[in-house]
1. Could you tell me the number of lysine pairs in the chain with C-alpha atoms less than 28 Å from each other, where the two lysines are 8 or more residues apart or belong to different chains?
2. Testing the spin-label approximation: label points 7 Å from Cα along Cα→Cβ at THR41 and ALA65. State their distance in nm.
3. Pop out the ³J(HN,Hα) list for region 106-112 in order, Karplus 6.51 cos²θ - 1.76 cosθ + 1.60 with θ = phi - 60°, rounded to Hz; leave Gly and Pro as x.
4. Specify the residue with the greatest mean-square fluctuation among ILE33, ILE68, ILE82, computed from a Gaussian network of the chain linking alpha-carbon atoms under 10 Å apart.
5. For ALA58 and SER99, what does the FRET efficiency come to when R0 = 41 Å and r is the distance between their Cβ atoms, rounded to the nearest 0.05?
6. Tell me, what HN-Hα J-couplings in whole Hz come from the Karplus equation 6.51 cos²θ - 1.76 cosθ + 1.60 at θ = phi - 60° for each residue of region 61-69, using x for Gly and Pro?
7. Test of understanding: in a Gaussian network model of the chain with alpha carbons linked when under 10 Å, which of GLY66, GLY84, GLY48 would top the mean-square fluctuation ranking?
8. Rounded to whole Å and sorted largest first, what semi-axes of the equivalent ellipsoid does the C-alpha gyration tensor of the chain yield via the square root of 5 times each eigenvalue?
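The values are calculated or read from the model by the stated rules, or taken from the named source; none is laboratory data. No experiment lies behind these values; they were computed from the predicted model shown. For neighbour counting, all protein chains shown are included, and Cβ atoms are generated from backbone atoms with ideal geometry for every residue, glycine included. Each accessible area value is taken on the protein alone, full model and side chains, heavy atoms only, with ligands, DNA and RNA left out. Shrake-Rupley method; radii C 1.70, N 1.55, O 1.52, S 1.80 Å.
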Amino acid sequence: MDPYAALRYKEFNTFLLVRFAMVFAWSMQFIVIEWQVYSLTKDPLSLGIIGLMEVIPAVSMALFAGHIVDQKEKRNLLIKCILGFSVISFGLFVISMPSVIAQTTTKTILYTTYF
């Protein structure tokens, strides 16, 4: 049995590449969010709140994720997740623009980032 047989499929290689890119982007985004919040507040507690705001939805959604994945078609679900990630990333990009930061209070930017 060949341990590299799966790597001969183009679709699987594409999936691996997209998954690597998404995990890499998510990791970079997490660091940028922390840096942005800390530059606004200079408060380490704010960084802890970011972690809490990421853990609460992840844990609560994990309870139902297996059921949802089993019921839905996998390709469409993956596309919806990537689209949702992109929309949230664009929203974070917009609220971190200097023109938006200048017109909005720090508290509003923080609460939007936490949300």
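1. Details: LYS10/LYS72; LYS10/LYS74; LYS10/LYS80; LYS42/LYS107; LYS72/LYS80.
Counting lysine pairs in the chain gives 5.
2. Placing both labels 7 Å beyond Cα along the Cβ direction yields 2.5 nm.
3. 3J(HN,Hα) across region 106-112, in whole Hz: 4, 4, 5, 5, 4, 5, 5.
4. Top of the fluctuation ranking is ILE68.
5. Details: r = 32 Å, r/R0 = 0.77.
Using R0 = 41 Å, I get an efficiency of 0.80.
6. 6, 4, 5, 10, 4, x, 5, 5, 5
7. Highest fluctuation of the listed residues: GLY66.
8. Taking √(5λ) for each eigenvalue gives 34, 17, 14 Å, largest first.
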